[in-house]
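What follows is one structure encoded as structure tokens, with my remarks underneath.
Taken together, the values in this text are just the output of simple stated rules run on the coordinates, not laboratory data. Quick caveat, the model's predicted, so the values are computed rather than measured. FYI the Cβ positions are ideal-geometry reconstructions off the backbone, even for glycines, and counts take in every protein chain you see.
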Amino acid sequence: MARGRDDLLNTVDRRAFLKAASLPCLAACSGALVGAPLAAPLFAGPLVAPAVENDAQFIREAKFYEKLPYKKIKCKLCPRECVIDDQERGYCGVRENRGGTYYTLVHSRVVTAHIDPIEKKPFFHFLPGAEAFSVATAGCNVNCKMCQNWDISQVRPEQVRSTYVPPDRLTALARQNNCPVIAYTYSEPVIFLEYVLDCAQAVRAAGVRSVVVSGGYIQTDPLNQLCARVDAIKIDLKAYSEKFYKEVVNGELKPVLEALVTLRKNGTWNEIVYLVVPTLNDGDSEFRGLARWIKSELGPDVPLHFSRFHPEYLLKNLPPTPLETLERAKAIADAEGLHYVYIGNVPGHPAESTYCPHCRRKVVERTGYTIAGIHLHHGKCQYCQTPIPGVWT
Amino acid sequence: MSIELPASTRRSFLKQGFSLGSALWALNPGGAAASPGPAPEPERSRVVIARDAKIRTANSSLDSAQLAKLLDRALEASFDCSSPVEAWKKVVRPGEVVGLKVNCLGGHGNATHPELVEAISERLQQAGITEIVIWERLNSDLERARYKIVERGSGVRCFGNDTLGFEDDLSTFGQAGSRVCRTLTQVCDAVINLPVLKDHGIAGVTLALKSMFGAIHNPNKYHSNACDPYVADVFALPPIRRKLRLHICDGINAQYEGGPSYMPQWMWPFNGLLVARDPVALDYVGWKIIEKKRADAGMKPLKELKRHPTYILTAADAEHRLGTCDPKRIEQVEI
């Protein structure tokens, strides 16, 4: 590992961090617009990393798996339940069977670190205007054809440059940069869950909160453990059809819906993003079915973000989502009775702001990722005193 | 180990080029132009099964000299040649950098034998090849299978994909979108594929087609549905497909259950090699060998275990055209 990178992550002031930080500004998997980079690349370079100082520092025994005969293991982290032979890895590419014991290879193995507004995740009902110290490791447990971050999510950890950032160091970096929140994002935090759990525990003790941006393809037991440690989880619900999940995501819808219900039961703050991909998941019946399911299973107060798709990765043949489609999706969800339906990746659109469902006045004004005004008082609309659900302080 | 190359002439180039064209035609049987008159008999893909118990000494260790002779006979039979060097000259051209893609996932117990690779390298050099690269997924895989890493210099080198990494751009075909290793794209002009005859716990069998999972950055993404259609899609990625010239399956020790990991209780001494220019035909023949051994051992067919290797059929379909799995179009030659 180049000494320079270590030096950069040892920096203690914001300016130095920003100068150093991360890959070019990465959008969340939801397909958020890639904005102007906050900083110069930290790990830019060839795909293959130079030899790191000590590969062993990233390796921990995995938490969720069972041992099988003949040195095989079954992963119990996500619903895929990979059965893995000795010396092989699971679908995620970051967990390896070594002699019948399963290991994560990405504990503290950070491939990107960045300071983002929390609105970029997006979280619209969680500490508006807060800056989130955002990190990711390599790997993902699905393979979405529209992935915006495929160059880190669809690679193995040794194929990208990384730096050792253990939980205590991550905590220090967040505090040094005045970030009240750490976001585990960009790739798929489920596949680096052990790191998230350890970090969330460490940062909570230091007064820093943790949020997760995930596809929600996770088993119930690890999700319950995650809920106990973090403060909010945003789920990228890729579509409301098994067909889309099978053909475009390489996953399944049902376990993701179950995960959303589990979040609800745990009382963990949750927002949902739905990336609208032209011709593939943009039908009225799909929008309507989704809205009805959310209302009946999660309630009308869960924020739902319809985000614009941009051509990437294996779906470069499709155009960006037409604005009319996004507005149609919002109109359908509004009509079904959801209280907080947003349009994302369309900077300046009125549906970026939060409106009181009772008096219809703006209670959080947004333009892009910028907060123009907050009209809440103790979590209530300052005009009509209607409670607005969320984590506001 | 290097030899002096004869000066290349236009005539020798044309002769070699013609032979190579014939070899490649077998991989694309649908590509021939229509001609008037009765339809010609479709080209048959030859799969040579060369076996000889003498490749083992009395104490069951490998006799390298006998193995080299078996390889020679297999090549001669594959190309209707009277000498092995003549056969190899139909596969490669002098001056080319030739990659030998070995399969080492199973470690020492069921990897491509270094003795076989050594015999191939010797013949390649006699055929005018001065640059040979033995490669596999990882350096650690190679070392576990008794190969010594040699990353620099001329002659014979040996290294994993971790040495040079992968192309930045994706190659795509069907459901596959992958970065192909630079060893294949930037170093090798031609590749000889050297898989192992063995069972696979997800795909059913892993032979010539699936071995190309070792040429991409994301094989872990392609194991759903018994690897179908992913194995065929990956093999059809243009950078891979256009460089593969020959497939020699190491069946010295074969495995009929528990793969791809080494499971000695399910190994048997097949004492043979499978040689073909058509990877689909080779896989089809190898698959049937494994199924027969499983039946002899009282084991269920792969289909009943939901690991029927349908990717072999997919590789032969009109979308892929990687070869044939029609028994009537496979010429199986046993020597």
Q | DSSP beta bridge pairing in the protein assembly as shown, given as percent antiparallel to the nearest 5 | A | 50 percent
Q: State whether chain B is rounded, prolate or oblate according to the following rule on the C-alpha gyration tensor (a ≥ b ≥ c being the square roots of its eigenvalues): a/c under 1.5 gives rounded; otherwise a/b larger than b/c gives prolate, and the remaining case gives oblate.
A: rounded
Q: Considering only DSSP beta bridges where both residues belong to the stretch A:109-352, give the percentage that are antiparallel (nearest 5).
A: 25 percent
**Q.** Ranked A:V261, B:V333, criterion: other C-beta atoms within 10 Å, fewest first
**A.** A:V261, B:V333
Q: For chain A, take the alpha-carbon Rg, divide it by the Kirkwood Rh, and send me Rg/Rh.
A: 0.95
Q. With each pseudo-label sitting 7 Å past Cα toward Cβ, what's the B:D169-B:S60 distance in nm, one decimal?
A. 5.2 nm
(Q) Just want to confirm a number: the relative contact order over chain A, from Cα pairs under 8 angstrom separated by 6+ residues, in percent. (A) 13 percent
Q) Say the cut-off is 22 Å between C-alpha atoms; which of A:K72/B:K210; A:K67/B:K101; A:K121/A:K238; A:K72/B:K306; A:K238/B:K221; B:K221/B:K306 go over it? A) A:K67/B:K101
Q) According to the Cα gyration tensor, what semi-axes, each the square root of 5 times an eigenvalue, does the equivalent ellipsoid of the stretch A:300-393 have, listed from largest to smallest in whole Å? A) 28, 15, 11
**Q.** For the protein assembly as shown, alpha-carbon Rg and Dmax in angstrom
**A.** 28.5, 96
Q. Which FRET efficiency value, to the nearest 0.05, is calculated for A:E327 and A:E297 with the Förster distance at 22 angstrom and r the Cβ-Cβ distance?
A. 0.30
Q.
Among B:A203, B:A318, B:A281, which one shows the highest mean-square fluctuation when chain B is modelled as a Gaussian network with alpha-carbon springs under 10 Å?
A. B:A318
Q | Bridge type composition, chain B - antiparallel percent by DSSP, nearest 5 | A | 45 percent
Q | Estimated distance in nm for a label pair at B:E118 and A:N54, the labels positioned 7 Å out from Cα along Cα-to-Cβ | A | 3.9 nm
Q) By counting other Cβ atoms within 10 Å of each Cβ, how are B:S45, B:S82 ranked from fewest to most? A) B:S82, B:S45
Q.
Given R₀ = 51 Å, what would the calculated FRET efficiency be for A:Q382 paired with A:E61, taking r from the Cβ atoms and rounding to 0.05?
A. 0.50
Q. With a 10 Å Cβ neighbour count serving as the proxy for reagent exposure, in which order, fewest first, do A:D116, B:D169, B:D283, A:D236 appear?
A. B:D169, A:D236, A:D116, B:D283
Q.
Need one word for the stretch B:69-113: rounded, prolate or oblate. Basis is the Cα gyration tensor (sqrt eigenvalues a ≥ b ≥ c); a/c below 1.5 gives rounded, then a/b vs b/c decides.
A. oblate
(Q) Rounded, prolate or oblate for the stretch A:60-104? Axes are the square roots of the Cα gyration tensor eigenvalues, ordered a ≥ b ≥ c, and the cut-off for rounded is a/c under 1.5. (A) rounded
(Q) Tell me the relative contact order for the stretch A:116-186 as a rounded percent, counting alpha carbon contacts under 8 Å between residues six or more apart. (A) 40 percent
